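The values are calculated or read from the model by the stated rules, or taken from the named source; none is laboratory data. Here the structure is a predicted model, which is why all the values come from computation and not from measurement. Neighbour counts run over all protein chains shown; Cβ positions are idealised from the backbone, glycine included.
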Amino acid sequence: MIYKETFWMACDSTEQLRAEHGPFQTRAEAERQARKLGFSYLLRYEHLIENQDIREVRCIFIELQPNPSTRAKIPRRLHTRCATCGASCAHTQAWRAEVWADIHEFEHSRHRVRLFEQTRADGLKEIAGWRDACA
C-alpha cells in the first residue's frame, strides 16, 4: 500500500545551502513562521511511502508574495558607529541616531559616524551617504 506524507518548511532561498525552519504540519503554520523570520519561500516535502520504505521524495518550492502589512511590522533598528574610535549605539528612531552622531562628531573633531539599518529580513546594512541626504 502506497501513501503520501506531506510536511512543510519555511526557507530563505532556493539555493542548495539555505536556511530551513520546521517541519510544520500545515502550510498556514509554515507561512506564518516564514513571514515572522523574514523568509521568502515555503518548501513542501512529499514522501511516497510503501511498506514503511520511502519510495520517492518530492521537494516543491513556493515563493511567498510580499505582504506590505507584514513588511511594515518587521522591527527596524538603527545603529550608529564611529569609524574612528569604534563607539557605537543602537536607536529605534532616526532622529535619535542623527542626534547621537551630531553630538559625537561635535565632541570629537575629525571623527566620522556611520549609520546602519538592521531588520530581521535583511540583516545589517550600511546607509551610505546619509549625512549628505540630511544636509
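General remarks:
- Test: residue in the stretch 21-37 that is closer than 30 Å to Arg131 by Cα and small (Gly, Ala, Ser): no
- In the set (1) on the phi > 0 side of the Ramachandran plot; (2) within 19 Å of the chain's Cα centre (by Cα), the condition left unmet by Arg120 is number (1).
- When the stretch 23-49 is filtered for residues that are in contact with a Ser or Thr (Cβ under 8 Å, 6 or more places away or on another chain) and part of a helix (DSSP H, G or I), the ones remaining, listed by number, are Ala34, Arg35.
- Matching residues, the stretch 96-109, being at pLDDT 90 or above and either outside any helix (DSSP H, G or I) or aromatic (Phe, Trp, Tyr) (or both): Trp100, Phe106, His108
- The residue of the stretch 24-81 that is modelled with the lowest pLDDT, among those that are surrounded by 13 or more Cβ atoms within 10 Å (Cβ to Cβ) and of a type in the set (Ser, Thr, Tyr), is Thr70.
- Restricting attention to the stretch 1-15, the residues that are of a type outside the set (Phe, Trp, Tyr), loosely packed, with under 14 Cβ neighbours inside 10 Å and farther than 11 Å from Cys59 by Cβ add up to 6.
- Residues within the stretch 82-95 that are part of a loop (DSSP other than H, G, I, E, B) and modelled with pLDDT under 90, tallied: 2
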